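The values are calculated or read from the model by the stated rules, or taken from the named source; none is laboratory data. Fair warning: this is a prediction, and the values are worked out from it, not measured in the lab. Heads up, the Cβs are rebuilt from the backbone with ideal geometry, glycines too, and the neighbour counts pull from every protein chain shown.
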Ligand SMILES: [Mn+2]
């Protein structure tokens, strides 16, 4: 059982920089820190989920451990971090779990091309491609990476200051109950759609709650990856979907000082997408209709090369999507077939001449692009 652990943020000198859900994207982390001119006076706070889904979990972990050892960073536990710690330990104690362990590696490998555990086995020269390879080497992996696992084990559930609480998933109850909380703390780490559930329950926290875990673009009519400052619940959701959604970005909040006012918090991001300059103006569409996880099943109406018209099964609304947003291989689908799709929107971005747009997908119909974190279509000329 995962026990609850709190940590106070002691930092009086420089800025507090806050990010979350790096998920093995070391390049994104380094790029956003460089953009922020991260220096010796700043403190970096990572609100969980350093590992998996991205290409370089081990390198990310070691980089973060080094910053922590230098006193330049703090990390709170994420649900993925915790599960990577516990499922290897569980498999050592219960060798019959080797098949599940292998299934997980294969699933991640198929989905994302790599896996944290695969990186660990590979570093000691083993390919984790059979249950025998796993059972024979799992203890060696555990011992070889003792320092890394001890580090993950040491992470607190939440970090707090006078005005803020930083927690990966969310707070499942009123803030006043925090003092007595000591039961299974997993619900602080995996609190899906925390902002919406806090709204439903009518929570309005005394301190601002800064959390990751749930990609911000799953909230709302528009697909937007920017941090979501919600004044009704007093929550700030910062997971830009880095490593998880196609449009994803790594967000970084910049607090001029640890206990600054919410209004003084700025943010930047890094997404690594190529950019273009718009040559024509485009007016934004009045309404936006977006499809996001988990209600993302559609029926194919027609496929036209690299775009498709689909009907959203839950609402009956039709929209244009990029063909590569279909989970199933478009070439195997007939009109009338059903597939899940990635996050998609019919929103037309508001664009001025000379605007810089991040290019998510170039299609024959137009650009699926991102401007200031907002995802939408641009049908004008660009260079
Ligand atoms: Mn998470």
Which of the residues that make up region 321-365 are under 27 Å from the mean Cα position of the chain (by Cα), in a loop (DSSP other than H, G, I, E, B) and closer than 28 Å to residue 284 by Cβ?
-> 342, 343, 346, 347, 349, 350, 355, 363
Got at least one residue in region 55-66 being part of a loop (DSSP other than H, G, I, E, B), more than 16 Å from the ligand (Cβ to nearest atom) and either out of contact with any strand residue (DSSP E or B) (no Cβ under 7 Å at 6 or more places or on another chain) or within 22 Å of residue 261 (Cα to Cα) (or both)?
-> yes
Scan region 36-58 and report the pairs whose first residue is closer than 14 Å to residue 76 by Cα and whose second residue is away from the ligand (no atom under 16 Å from the Cβ) and modelled with pLDDT of 95 or more, with Cβ atoms within less than 6 Å and a gap of 6+ or a chain change.
-> 43/16; 44/17; 44/73; 45/74
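Yes or no, residue by residue, for (1) at pLDDT 95 or above; (2) assigned to a loop (DSSP other than H, G, I, E, B); (3) assigned by TED's automatic domain parsing to the domain that holds residue 260; (4) within 15 Å of the ligand (Cβ to nearest atom):
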| site | (1), (2), (3), (4) |
| --- | --- |
| 11 | no, yes, yes, no |
| 14 | no, yes, yes, no |
| 17 | yes, no, yes, no |
| 23 | yes, yes, yes, yes |
| 32 | yes, no, yes, no |
| 37 | yes, yes, yes, no |
| 40 | no, yes, yes, no |
| 44 | yes, no, yes, no |
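Just to be sure, is residue 100 at pLDDT below 95, assigned to a helix (DSSP H, G or I) and more than 24 Å from residue 191 (Cβ to Cβ)? Even if it seems obvious, please write down each step before you answer.
On the way: at pLDDT below 95: no; assigned to a helix (DSSP H, G or I): yes; more than 24 Å from residue 191 (Cβ to Cβ): yes.
Here the answer is no, as residue 100 does not meet what is asked.
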Among the residues of region 133-180, write down those that are free of Cβ contacts under 8 Å to residues at least 24 places away in the same chain and under 21 Å from the mean Cα position of the chain (by Cα).
-> 172
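With the structure loaded, tell me whether residue 185 is assigned by TED's automatic domain parsing to the domain that holds residue 11, at pLDDT 95 or above, touching a strand residue (DSSP E or B) at 6+ places or on another chain (Cβ under 7 Å) and within 20 Å of residue 78 (Cβ to Cβ) or whether it fails that test. Please lay out each step first, then the result.
Numbers: assigned by TED's automatic domain parsing to the domain that holds residue 11: yes; at pLDDT 95 or above: no; touching a strand residue (DSSP E or B) at 6+ places or on another chain (Cβ under 7 Å): yes; within 20 Å of residue 78 (Cβ to Cβ): yes.
No.
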